[in-house]
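Take a look at the structure below.
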Amino acid sequence: MKQKPRVAVFDFADCEGCELEIADLEEEILDLIEIADIVSFREVMKEHSDSYDIAIIEGSVMRPMDERRLRSIRSHAKILIALGACATMGGVNKIRNQWMPDDVKKEVYGDADLKGNELFDVFQTKALNEVVPVDYYVHGCPIDRDEFKSVITAIALGKKPDIPRYPVCVECKKNENICQFELGAFCLGPITRAGCKAICPTHNSACEGCRGLIKKAEAECVKEVLDRYKLSYEDIRRRCTMYNYGRKECSYDE
Amino acid sequence: MKPLIKTITKKDFSTFIDAIIKDRSYDVVGVRAKGARYVFDTLSSANELCLDYDVTIVPPKKYFLPQHETLLKFSMQKPFEGKETIPDESRIIIGVHPYDIIALDQTDRHYLDQQQDNYYKKRRENTLIVGVDIKNVSERSFAASMKTNTTDSGFDLLLTDIGTNYAITIGTEKGNKLLKKYATVKDANASDLTKLKTARNAVLKKYKQKVKIDKKDWSPLLVANYNHAIWEERADVCMECSSCTMVCPTCFCYDVKDDVSLNLTQGNRTRTWDGCMLKDFTKVGSGEVFRDDVKERYRHRFFRKGNYLPERYGFVACVGCGRCGIACLPDIADPCNLINELAHFSSEKDTGRYFIKEENEVLEKGIIHVPRSATIKKITPFNELDSLFEIELDDKKPLGHKPGQFVEVSIFGYGEAPFGISTPPGNTPVFEIMVRQVGNVTKKLCSLKPGDKVGIRGPLGNGFDVKSFEGKTLLFTSGGTGMVPMRSLINYVLDSKQRDKFKEIIILYGAKRPKEITFLGDVDRWKKIRDVQCELTVDRCEPSECWDGCTGLITTLFPKIQADKLDTKNTIAVVIGPPVMYKFVIKCLQTLGIPNENIYVSLERRMKCGVAKCGHCQINGIYVCKEGPVFNYEKLKPLPEAFE
């Protein structure tokens, strides 16, 4: 039998929620270890190895030391998978990119002397692909477990993962939800990449765009809908800040 | 015969429904409230039923074509033991409005045609429809002006609220039996019948939306306005979310995907609703997207409703439910609105034709989704991208194809892809296809070895009618992979048993680069046959490459034809190549003086199901996998999407 690929899971600036989603595969974890050797996964095991083929990385890059660590991981891994919104696009960590890093530090840590402490030496938040090439993306905050499985099986079978390029509305309609706009909410579903099974609107919460925008907030159709629902461009800009600050439409390869 | 009409008190009706639920022989579903809207969902008690609803979020098509449906279960270890997972549960749907009943009848025409869809069929057979006459009208519905607000058929039972009672029109014997078994009913008397009529008429006044023209006039109106500015104007604000098609009772296109378990041992082939408003709907393996422009997709949806399906089946594929009007955020999806606006502005004449009626042989009846097991016998690489695969059907039955037909090659876990057959017809289970590595299936195919198994569905589509070529001079022009089906045709007519039936044969063949010239062995052989002229060209040639032939596009080969000796009226021209090639080659053929009706082409689109069901390969009103892929140019020419 062919040797199983060695998989390592790493985290940067994140809440570890996406890793928890993997841990939550429960008995299916056994299926996963049938096809892969997990050699490093801080959240669920003590062991660690620097010899791995596939690196699964959660979190954003905030500091020079993160950048060095990420480059080192990249140099070990044949395949690098960005896990979750923080890794795929910066996600909530990019909210602070609205301000300069020094101002942010001052706001959070006041007058504490952090000079020379590289743990606090932050720059503007970066997604993984702003530092190293990323081979595969598992979108969302948190990720969808089924999509994670489908990306893993696609890699194992040597096929291109089937990540939707259509908006959340498609899945939302299949779920027979009442449109969030009809309920008076402002939903980013129409311009957000599907693949989450429209989990938020299905549980009566408007989409926040955590899987990335597939249309610009400036698009004609968005303007039309904003007008119709008496919302302003400022509203959508604010709305997109949560996950998509400073980001344009996502590319076809992401 | 007059329909049998009974009455039941509302209280007895509840008892009737509760009795069916309690019996558990059926999955009893009905209309229930969901917030301020309604959905079809499983009932646990008659109290949950809302029969005075206006419209449901999604139509009852979900019970026949579910949002996600497993077609096959397969094992990754045992290739090609895929089994159809035919549904067997019995269901009763209570509270279906007439327009939705009519939409189901329309869907029957598509799914229960010569190539029946077993899943759909079984669900239809196992489901009883208890309809209900509309009492409250959705603010966007225009069913009255579509004459879909009432129906005489398509239901097993139909309820009408006539005050303290429901009138029950019995539509089928199955419905009658259901009543006899579970309900206490009385024969309707004259007063009941008057009440029924009054109830139906009273609803008519409630429609706020009306289409101003008769539905039979939709088609000429659309045709006259194929190039109207309205398509672009409205498409400019389209979200491309396909919500309109998701909630539509007459939309039935689907996509198919293979899901594999995390341990890679087994998987499901599932189908899910797809929408023609989505950009990837027409995307082929090589990445090309047909109807790339939102405007084209936006127009397609209305033409499908008002022209394509009416031409094919004789009905307008819109029942006026108004769901798309509610679902569309920029409010551009509502056909009532669009048709009225077109009718208001339009004064143009009927000019275009967007549909071709073409009979096709159905070679494989019955099971349309399950591939036959086959074995790869030989793989011959042409270059780093293209390889020739020799495949044998495991049941050893002849493939029985015509030149120009295609097969769907299936690899469980990876999916299916269409391939032109490159070998001539023959009494053999062995055939060849050429595989170019562009997508998941083709890449996987190229990693397989002789002895490995694949699945085959086909032969599919319309091939060449070679008999009609007899006695003629034949001019074959192929570019790139177009040579694959062309080779089947050429070798068929050059077969020693056939050769005398045709006059001179001219073969023009172009490829991008010398290394992309495929079937060189065949080409050399053809060159040596009497009365065969065979000319080759490559678009370009690097200094490092060895090539002593012609350089330039395929059109540069035309001057090599001795035009003065060509009996153009008695020449059949066949063109197969990449989309960009047709326009230029056809111009050359016309310059030669070959009449359009003597020109045949073969087109490539996203032929996903191969049996004219899934909708992906549509060019205007036709399914390339059914009416094509081989077309007569004269017939195809009016279709704007054919050579876009």
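None of the figures in this text is laboratory data; all of them are computed from the coordinates on show. Here the structure is a predicted model, which means the values were calculated and not measured. Virtual Cβ from ideal backbone geometry, glycine too; neighbours counted across all protein chains shown.
Using all pairs of distinct alpha-carbon atoms, the Kirkwood hydrodynamic radius of the stretch B:500-594 works out to 14.4 angstrom. Think of it as helices only: each DSSP H run of n ≥ 4 in chain A is worth -39500 (n - 2.57), and spread over all residues that comes to -9500 deg cm²/dmol at 222 nm.
For the protein assembly as shown, DSSP calls about 55 percent of its internal beta bridges antiparallel. With the charge dipole of chain B set up from +1 on Lys and Arg Cβ and -1 on Asp and Glu Cβ about the Cα centre, the Cα lying farthest toward the positive end among the listed residues B:Ile170, B:Gly267, B:Leu636 is that of B:Ile170. Between the amide H of B:Gln618 and those of B:Val624, distances stay under 5 Å, these residues lying 5 or more places away or on another chain, with hydrogens modeled in the peptide plane.
In straight-distance terms, cross-link reach from B:Lys587 covers every one of the aspartates and glutamates whose alpha-carbon lies under 16 Å from its own, apart from those fewer than eight places away in the same chain; here that gives B:Glu597, B:Glu634, B:Glu644. With springs connecting C-alpha atoms under 10 Å apart, model chain A as a Gaussian network and identify which of A:Val168, A:Val225, A:Val39 has the largest mean-square fluctuation. Answer for the Gaussian network model of chain A: A:Val225.
Under 8 Å for C-alpha pairs, at least 6 residues apart: give me the relative contact order for the stretch B:34-103, rounded to a whole percent.
Value for the stretch B:34-103: 25 percent.
Ordered by the number of other Cβ atoms lying within 10 Å of each residue's own Cβ, fewest first, B:His300, A:His76 fall into the sequence A:His76, B:His300. In terms of overall dimensions, the C-alpha atoms belonging to the protein assembly as shown reach 92, 88, 55 Å along their principal axes, ordered largest to smallest. Taking the DSSP bridge list for the stretch B:466-636 and keeping only pairs wholly inside it, about 15 percent are antiparallel. Annotation: the residues A:Phe10, B:Phe419, B:Phe382, sorted from fewest to most other C-beta atoms within 10 Å of their own C-beta, follow the order B:Phe382, A:Phe10, B:Phe419.
Summing +1 for each Lys or Arg and -1 for each Asp or Glu among the other residues whose beta-carbon sits under 13 angstrom from that of B:Glu545 gives 0. The lysines within cross-link reach of B:Lys186, meaning a Cα-to-Cα straight distance under 25 Å and a gap of 8 or more places when in the same chain, are B:Lys2, B:Lys6, B:Lys10, B:Lys11, B:Lys22, B:Lys135, B:Lys174, B:Lys177, B:Lys195, B:Lys197.
Roughly how many Å is it from the Cα centre of the stretch B:445-473 to that of the stretch B:505-553, as a whole number? After rounding, the separation between the Cα centres reads 23 Å.
Between A:Phe181, A:Phe12, A:Phe148, the GNM of chain A built on Cα springs shorter than 10 angstrom shows A:Phe181 fluctuating the most. Which percent, to the nearest 5, of DSSP beta bridges fully inside chain B are antiparallel? Of the beta bridges lying entirely in chain B, close to 65 percent run antiparallel. Placing +1 on the Cβ of every Lys and Arg and -1 on the Cβ of every Asp and Glu, with no other charges, gives chain B a dipole of roughly 1200 debye about its Cα centre.
Applying 1/(1 + (r/R0)^6) with R0 = 35 Å to the Cβ-Cβ distance of B:Cys546 and B:Gln590, what FRET efficiency is obtained, to the nearest 0.05? Once the sixth-power term is evaluated, E becomes 0.50.
Whole-Hz Karplus values for the stretch B:247-252 come out as 8, 7, x, 9, 8, 9 Hz, taken residue by residue from phi with 6.51 cos²θ - 1.76 cosθ + 1.60 and θ = phi - 60°; glycine and proline positions read x. In plain terms, the residue of A:Thr241, A:Thr125, B:Thr265 with the fewest other Cβ atoms within 10 Å comes first and the most crowded comes last, giving B:Thr265, A:Thr241, A:Thr125. Working from the Cα coordinates of the stretch B:466-636, the gyration tensor eigenvalues give, after taking √(5λ), semi-axes of 25, 21, 16 Å in decreasing order. The residues packed around B:Thr151, meaning those with a beta-carbon under 12 Å from its beta-carbon, carry a net charge of -2 if Lys and Arg are +1 and Asp and Glu are -1.
Pairs of Cα atoms in the stretch A:168-244 fall into 5 Å distance bins, from 0 up to the last occupied one, in shares of 3, 17, 30, 26, 18, 5, 0 percent. Annotation for the stretch B:3-42 versus the stretch A:1-47: alpha-carbon center distance of 49 Å. A straight Cα-to-Cα reach below 18 Å connects B:Lys472 with the lysines B:Lys497, B:Lys501, B:Lys503, B:Lys565, B:Lys569, residues fewer than 8 places away in its own chain not being considered. Specify the residue with the greatest mean-square fluctuation among A:Asn97, A:Asn129, A:Asn117, computed from a Gaussian network of chain A linking alpha-carbon atoms under 10 Å apart. So, out of A:Asn97, A:Asn129, A:Asn117, the one fluctuating most is A:Asn117. For the stretch B:91-167 versus the stretch A:165-241, the inter-centroid distance based on Cα atoms is 32 Å. Classification of chain B by its C-alpha gyration tensor yields a prolate form. The axis ratio a/c (a ≥ b ≥ c) is 1.5 or more, and a/b outweighs b/c.
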